[in-house]
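Chemist: My structure is below; once you've seen it, I'll send some questions.
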Amino acid sequence: VSRLESVECSVEELGDELKLGSEELKSSVASGMETRISHSLIKAVAGEFDLESVFKLSLCRMNIRKMECLDDCVHLQELNLSGNEITELEGVGRLHELRKLTLTSNKISSLDGLQKCHALEYLLIQDNAVSNIATIEALASLPNLKALYLKNIDGTQKNPVCEHPSYRSSIMRQLPKLQILDGERLKHSNTLYSDTPPAPSAVPKVKIPESKSWLADFSWEDTGGDLDAMLAQSQARFDAVHQESKKLNAAAVSLLSHYQ
């Protein structure tokens, strides 16, 4: 009986905590006041009783100014804090399983604070205040980073750093494994900006035949032959040369593709 009462009490306390978090959220959003991230708020939004069971969390447009109380969400994989008033990246150092972080439309000026998020694959930080190209170096320690968004693919919601004259090349030099930048897939990202691109491992060999005159065996003085047969023979030779030209062109295109 005592165990049953203890369980009922725990469930009731958790229910009260979720209710409290929900009420805090409604009150803050309705009044336009700052919302503080708390354990009860996280549980209420995620619908979980245990912070370790939270894998995805979205706290958008809630007047949040500080990233806090996130360390205990140790299995969090996706975090969306778009449309808030956040100025610094903090409180995510222990989120070792975080794979996607969305911080669009905040007031962030530096990327410091993400160095230990080694599992991070996608970072969306459009419409912020990132202006220094050197701050990209903070992402160099993220081995799994695949996609970085500092603006949309159509150029909207861009950070000031996007106006830097060497914006694209600087990012590629600092993040050579990056696959997607601002929605655009990067091709040959490992060699695109190197000084001397390596030679391809296997270059197709192209054999160019010796040139021959199409009418080598034709004489205008020979009028005794069948004109139609002569024209048909010439057409056959032309078709053969035309097909050979197509093959050579295809081989040339294949060769050039190795150097692009």
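Chemist: Please state which of the following conditions Ser27 fails to meet, knowing it meets all the rest: (1) at pLDDT below 95; (2) of a type in the set (S, T, N, Q); (3) surrounded by 14 or more Cβ atoms within 10 Å (Cβ to Cβ).
Modeler: Failed condition: (3).
Chemist: Does the range 203-210 include one or more residues that are at pLDDT below 60 and more than 30 Å from Ile136 (Cβ to Cβ)?
Modeler: Yes - at least one qualifying residue is present in the range 203-210.
Chemist: Then there is this: All but one of (1) loosely packed, with under 10 Cβ neighbours inside 10 Å; (2) modelled with pLDDT of 70 or more; (3) not hydrophobic (A, V, I, L, M, F, W, C) hold for Asp195; which doesn't?
Modeler: That leaves (2) as the condition not met.
Chemist: Hey, another quick one. Looking only at the range 41-92, count every residue that is among the basic types (Lys, Arg) and in contact with a helix residue (DSSP H, G or I) (Cβ under 9 Å, 6 or more places away or on another chain) and tell me the total.
Modeler: 3
Chemist: Among the residues of the range 136-161, which ones are among the hydrophobic types (A, V, I, L, M, F, W, C) and in contact with a Phe, Trp or Tyr (Cβ under 9 Å, 6 or more places away or on another chain)?
Modeler: Leu145, Ala147, Leu148, Leu150, Val161
The values are calculated or read from the model by the stated rules, or taken from the named source; none is laboratory data. Remember, it's a predicted structure, so these values are computed and weren't measured experimentally. Cβ atoms come from the backbone with ideal geometry, glycine included; neighbour counts cover every protein chain shown.
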